[in-house]
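Enquirer: Let me give you the structure first, and then I'll get to my questions.
We did not get these values from a lab; they are worked out from the coordinates using the rules stated. Keep in mind that what you see is a predicted model, and the values were worked out from it rather than measured. With ideal geometry, Cβ positions are generated from the backbone for all residues, glycine too; neighbour counts draw on all protein chains shown.
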Amino acid sequence: MKIMMSTVGRFLYFLMGWWFEPLPSYFSSKHVIIGFPHTSNMDAVRAFTGFWIIRRTGHIMIKKEWFFWPVSFFLKAIGGIPVNRGASQGVVEQMVEIFNTRNEFLLAIVPEGTRKKVPTIKTRHNG
């Protein structure tokens, strides 16, 4: 099944005009993968397609308000993680807890403020 999904993923990338480069030698079972720039919700589709290509389960953070029935069933099935952005424990701490409790965890995130085409990622220094 994973081989078939990997082939389907490569074909979908081809149809979108994308390609997949080999993973770096340091790639392991736990990583945060940054998607930049984040230009549309199609980026989530591209991220999960990339996970199919490498034959691994990936995850993305989604605000908890999206996790209502029946949508929650689908979001959890594809690797969505509900995030409570208003919790006293911050989003970073929520992800650290998950990283610490799993043997494998690949998390794709998009930087703040990249929902449109931007030339650089926002940092504290260029704020």
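Enquirer: Each residue of segment 73-79 in order: what ³J(HN,Hα) in whole Hz does its phi give by Karplus 6.51 cos²θ - 1.76 cosθ + 1.60, θ = phi - 60°, with x for Gly and Pro?
Expert: 4, 5, 4, 5, 4, 8, x
Enquirer: Computed over the Cα atoms, what is the radius of gyration of segment 2-109 divided by 2.2 N^0.38 Å, N being its residue count?
Expert: The reported ratio for this selection is 1.12.
Enquirer: Right, here's the next one. Near the amide H of Leu106, under 5 Å away, which other amide H atoms are found, from residues 5 or more places off or on another chain, if H is placed in the peptide plane?
Expert: For Leu106, the qualifying residues are His31, His59.
Enquirer: Give me Met5, Met42, Met61 ranked fewest to most by other Cβ atoms within 10 Å of their Cβ, as a rough exposure proxy. Intermediate values should be presented prior to the final figure.
Expert: Details: Met5 15, Met42 10, Met61 18.
The order, fewest Cβ neighbours first, is Met42, Met5, Met61.
Enquirer: For segment 2-109: lysine pairs with Cα atoms under 20 Å, gap of 8 or more or different chains, count?
Expert: Lysine pairs, 8 or more places apart or on different chains, close enough: 5.
Enquirer: Here's a follow-up. Of Leu106, Leu15, Leu75, how do they rank once you tally other Cβ atoms within 10 Å and put the fewest first?
Expert: Fewest to most other Cβ atoms nearby, the residues stand as Leu15, Leu75, Leu106.
Enquirer: So, one more: By count of other Cβ within 10 Å, fewest leading, how are Met4, Met16 ordered?
Expert: Ordered from fewest to most neighbouring Cβ atoms within 10 Å, Met4, Met16 come out as Met4, Met16.
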